Amino acid sequence: MATDVGGMSCLAAFQLPSPSRLLSSACCPDKDLVALISRLGGQDRLSLWKIQGSKTWEVDVGGQDNNSAQIVDLAWSPDGQSIAVAQNPPRVSLYALEDGQEILTLPIAEMPPPHGRLGRINAIWWFQDEKRTDTTPVPDIFRRGDVITGTAHSILKMLPLLDHLQEDSQKLTATDLFAFQGSQTRTVSKSQLPEVIKDWPSLAPDPLSASVGTSLHGKTTNSTVNEEADLSNFNSILAFSDDQGHLLCYLDGNFPLGVVSTKPASSTFSLHKHVQHPLFLAHPHVKTQEMARTYLYPVVVKLPLLEQRVVRDLAKLTSTARELTWYIMRVVKEMRAVWFGSEMFSGARELGPKWIRTLEAKQKEQFGQMEPNPILDLTCLLATGRASEPLLDFLGSSENMSERGIQKWESTVSEALVKLRDFAEKRVAPACQRLHIVLEEIQGCSQLRAIVIASWLPAVARRELFRFREFIAWLRFETTALNSSSETNISSRHDILEVNNYLISGLVVSSIDKWFLGPVPQFSSRDLGIPTGDEQLVDVLHRARNVANDHVQMEWQAATNHKDLSHIDRNLDALIHELAIKCHRVFARAAGAASRSASISSFNPPGTQVGSARPQTQPEEPYSIRERIVAIKDTVHFHQYLAIYNPSEDSSVLCLARLRFNNEGPTLPVGVEVVLSQCYLPEESAEGGQAPFEILEAEFFDDA
């Protein structure tokens, strides 16, 4: 198919299986792809098609909690790897261009005062940043890969990587495995992330910056080309607007920069960003009961903090803190599941109480004891070597005390205690130390409770493991002695005191339970026996010298008083969750600093609005504006072309405007040219004449 006007020809034509919508930003700028929107069952679907007519993928939008989502606009990422989808009710999600998987949903925080509430989204943009020379005053000698010596990231870079954690991959269904490519519709799966992690302001995940190992670490791959391609999103700005005059921006398409209010109760359909500077030009569109108008003079929004590296540094620190916090939360969750069990399997903690309950049931049901005390019978056997009749029968029963059952009990509890010891010592404690370094740089101070508690657990786990092994050795000794002949001489290989300690604290009630149960720890350094005060180092050294010179104080102390720490709460699980909530609150506030520093200027003298008046009873007419920005080569100016049209029953008027701006960002354009054109077609008759027609849609063809 070809047209007679302008020599334009049809590139491709294909039949769609269902009615679809085509947005102005539907065509991929650097690939032969087009995004189409269809609606089924009251919910929008996004599908990606090749120009040749084959569907690549199709996905339901809105998530499982929102079945009435409606797509209003699209934006393609500068690196060509994802697409941002703006929906109403307000939601912005990023989908992978390769397979349509939902990468993330951008956090949209509640509007802080005095911004009011977030309205309905009407447009979205993704601006690429042009690479420019860094003018930071930091000398190159102190910079290594954009990391300044002495900062938190420079320290983390020198530390060994933490163990990689296996990610919970999405399970494949039979449809995913056997359906033809592009034929199935994928449903957006519900995120498994906690709300505090999902809404955490963060850049794209980068575990290596947080000193966390990845599955690809250690593999030699030539990724130079990919790394260069990934830099296309670097310093890019993803922005979307609503119908309340709000403009929300995201650094690199991920990190929220806060909310900027342009003009109250207005919608922004035209937005332009300077290619090198954080300067935006927005044309508000205001609707009232009497008139709908769009201002020719733009609202100029400047974000001066984006000129500095402080925003990028904050975003990196916030992202690193998120990686470490989420790493700690996952490890602690796995530790809790190993000890207490989960929905999938039972924990090692349950085996001891279950064994005691079985013995107690035998004492009640078979021997008629009204108030049985299994621990007392076990203690008497340990101290005297004589077992009560119920205990004797219980130990001699192959059902409860078989070698296979004891071996399974021993291996399950031993593996759990070893895992608790290693995870706390090699994962949680080092991750808390790294998080402390990051928080020190961000806040200037940090709490050490998590480090103390995580470092405390390995010692308790080692002690519990030693006592448990002594207890199992004693059980084997007693069962072997019971089932062997009297002439056989069996030597004991267990420590009676450690077995007794495990019977008292370990078999039924374990001290390890405190790391997963109880209130949030609130202890101080003084509660741990650590002296506090403003004592100078010179005074401490002087006191130590006096003690060293006094032979009485240097003599062996027969009895040393140990501070009782049994009353101290040590719920590591609750502490990490509270730390995550507090950090999220701090980082969410800090992330909005860029928008709080925004300067907004506008100039709207009388006669600089393009609008249409209508009676209050008349339904709203579609009123549209299209714009195109063209930079003037080798100059500091750029032209903004506006096409404004107002369809009506009588006639259609097309307003064409060209505004010339200085790249340095003045408030007013340096030149404005406006042309009003009434649209008509010449009639084919002897008298001639004009036949008006209605404009349905208009769009700029290219940037020429």
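The values are calculated or read from the model by the stated rules, or taken from the named source; none is laboratory data. On a predicted model such as this, the values are computed, not experimentally measured, just so you know. Glycine gets a Cβ as well: all are built from the backbone with ideal geometry, and neighbour counts include every protein chain shown. Just the protein is used for accessible areas: all its heavy atoms, side chains included, with ligands, DNA and RNA removed. Shrake-Rupley method; radii C 1.70, N 1.55, O 1.52, S 1.80 Å.
The calculated FRET efficiency for the pair Ser24 and Gln522, based on their C-beta separation and a Förster distance of 51 Å, comes to about 0.35. Taken per residue, the accessible surface of the range 249-407 reaches 44 Å², heavy atoms only and a 1.4 Å probe.
The length gained on full extension between Ser232 and Arg330, counted as 0.36 nm times the residue separation minus their Cα-Cα distance, comes to 32.1 nm. Atom-type composition of the exposed protein surface of the range 238-321 places 58 percent of the accessible area on carbon and sulfur (1.4 angstrom probe).
For the range 222-334, what class follows from the C-alpha gyration tensor (a ≥ b ≥ c being the square roots of its eigenvalues): rounded when a/c is under 1.5, otherwise prolate if a/b is larger than b/c, else oblate?
Numbers: a/c = 2.80, a/b = 1.86, b/c = 1.50.
Prolate, since a/c reaches 1.5 and a/b exceeds b/c.
Full extension from Val672 to Cys380: what is 0.36 nm times the residue separation minus their Cα-Cα distance, to one decimal in nm?
Numbers: separation 292, 0.36 × 292 = 105.12 nm, distance 10.02 nm.
Roughly 95.1 nm would be gained on extension.
Quantify, in whole percent, the carbon and sulfur part of the accessible surface of the range 339-491 (1.4 Å probe; protein heavy atoms only).
Working: 4010 of 8200 Å².
That share works out to 49 percent.
Backbone amide hydrogens, once placed in the peptide plane, bring Ile695 within less than 5 Å of Ser648, excluding anything fewer than 5 places away on its chain.
Pairs exceeding a 23 Å alpha-carbon distance, out of Lys333/Lys582; Lys157/Lys514; Lys364/Lys514; Lys198/Lys419; Lys263/Lys316; Lys364/Lys408: Lys157/Lys514; Lys364/Lys514; Lys198/Lys419; Lys263/Lys316; Lys364/Lys408.
For Arg39, nonlocal amide neighbours, meaning residues 5 or more places apart or on other chains whose placed amide H falls under 5 Å from its own, are Arg45. Between Gln43 and Glu371, the distance separating the two model label sites (each 7 Å from Cα on the Cα→Cβ line) works out to 6.1 nm. Stretching Ser411 away from Asn549 to a fully extended chain increases their span by 44.4 nm, per 0.36 nm per residue minus the current alpha-carbon distance.
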